[in-house]
1. Quick one: count up the residues across segment 284-311 that are buried (at least 20 other Cβ atoms within 10 Å of the Cβ), modelled with pLDDT of 95 or more and under 27 Å from Ile372 (Cα atoms).
2. In segment 167-201, what count of residues is obtained for those that are of a type outside the set (Asp, Glu), on the phi < 0 side of the Ramachandran plot and touching a helix residue (DSSP H, G or I) at 6+ places or on another chain (Cβ under 9 Å)?
3. Taking the residues in segment 214-230 that are without any contact (Cβ under 8 Å) to a residue 40 or more places away in the chain and in contact with a strand residue (DSSP E or B) (Cβ under 7 Å, 6 or more places away or on another chain) as candidates, determine which candidate is nearest to Val190 (Cα to Cα).
4. Does at least one position in segment 28-41 carry a residue that is in contact with a Phe, Trp or Tyr (Cβ under 6 Å, 6 or more places away or on another chain), at pLDDT below 95 and over 22 Å from Pro365 (Cβ atoms)?
5. Ser82: hydroxyl-bearing (Ser, Thr, Tyr), part of a loop (DSSP other than H, G, I, E, B) and either at positive phi or within 21 Å of the chain's Cα centre (by Cα) (or both), yes or no?
6. Would you call Tyr175 crowded, with 17+ Cβ neighbours inside 10 Å, within 17 Å of Ala226 (Cα to Cα) and touching a residue at least 60 places away in the same chain (Cβ under 8 Å)?
7. If I ask for residues that are of a type in the set (Gly, Ala, Ser) and either at pLDDT below 95 or in contact with a Lys or Arg (Cβ under 9 Å, 6 or more places away or on another chain) (or both), which ones from segment 232-242 would you list?
8. Can you name the residue in segment 215-239 that is surrounded by 19 or more Cβ atoms within 10 Å (Cβ to Cβ) and in a strand (DSSP E or B) and, of all such residues, is farthest from the chain's Cα centre (by Cα)?
Amino acid sequence: MNALPALETSTTSAPRKPRVMVLFGGRSGEHAISCVTAGGVLGVIDRDRYDVLAVGITPTGRWVLTSDDPERWAITDGTLPSIEDTDAHVLLPQDVGDREVQVREDGGVPRALGEVDVVFPLLHGPFGEDGTLQGMLELADVRYVGSGVLASALGMDKHAMKVVLTGNGLPVAPYAVVMPGELDRDPQGVLARVAPLGLPLFVKPARAGSSLGISRVDDLADLPAALAEAAQHDPKVLVESAVVGREVECGVLGAPAGGRPRASLPGEIVVSDPEHAFYDFEAKYLGEGGVVLTCPADLGPELTERVRDVAVRTFEAIGCEGLARVDVFVTPDGDVVVNEINTMPGFTPFSMYPRLWQATGLEYPELVDELISLALARPTGLR
């Protein structure tokens, strides 16, 4: 595989394979995990069926032509990969109906890279998973994998998500929201609203993922520090009651127009390493020694179907398309409480989403192919 693929520079009437732009990196704190996710997808996408164009977004927001070699985007000896700026700057289509992507090298005259039929946006967190990128692609009338603008925004904003899920009769953990600057203006008021939630508490950025900036609070004296830590990632902070229960995840896969989404078998996460108070960033991506991921989870038939039903209902309530991973707590009494939904779950070597579908009978390459096929068949615009 070439580091910078030399694609055809003009279109012909001859049949060609659909071209997929695998887009990754981005400006969020999850830049590196997006790169690792892309490595997973680039390693299994069917090159006989699709032409692949790898485009990276640097941490400063520059779009560049980059390597499509999966090994380039692996975590090596604990070192996380990153998109580096190059002289090959990618220029997107400017008009509705235009699918031509161009590259400008060394500041010279742009040259055509050919048409792009669908974008696979493997970005996590703000400026990629939150509806901003989806809005840009909608404006350009370009098909893409995954949820649209509103569903992506709702899935990223845990506060808005809880409001929508509650309105649709789905259970969520009790919570309070601390708005930007509120702790400085009214610290006693914040404490008065948070204290009834009890202890322990989980404090997290409202619009971030991969467990970045999340703290467990066992003493209210530690709350200000936890709020400050979360605010480093998002000025809007969510404070939740801890839910006693098993951490269970379920993959959801969209269906063609008119069909109902499908749920995978659930999987369970057990954190046994005392170094990790919960399933945090390091436990997810930098080592599995103290983390056990069980697929499928040992829940029994009735509870398994209840988790799958809640996952599909959550997917539908948010208005998702393509794919999502729904994380729930299963309490000792058998209640299923929605924790969150991820509209672009990871495809890293440690990620649950591909594992869940593999346990359900859909292998990783077929899963990637189905997601691309769903996106190609979906109309752009209102649907």
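1. 4
2. Qualifying residue count, segment 167-201: 21.
3. Leu223
4. Yes, the conditions are met somewhere in segment 28-41.
5. yes
6. Details: crowded, with 17+ Cβ neighbours inside 10 Å: yes; within 17 Å of Ala226 (Cα to Cα): yes; touching a residue at least 60 places away in the same chain (Cβ under 8 Å): yes.
In short, yes.
7. Selection gives Ala242 alone.
8. Filtering segment 215-239 for residues that are surrounded by 19 or more Cβ atoms within 10 Å (Cβ to Cβ) and in a strand (DSSP E or B), the one farthest from the chain's Cα centre (by Cα) comes out as Val217.
The values are calculated or read from the model by the stated rules, or taken from the named source; none is laboratory data. Since the model is a prediction, treat every value here as computed from it, not as a measurement. Note that each Cβ is placed from the backbone with ideal geometry, even for glycine, and that neighbours are counted across all protein chains shown.
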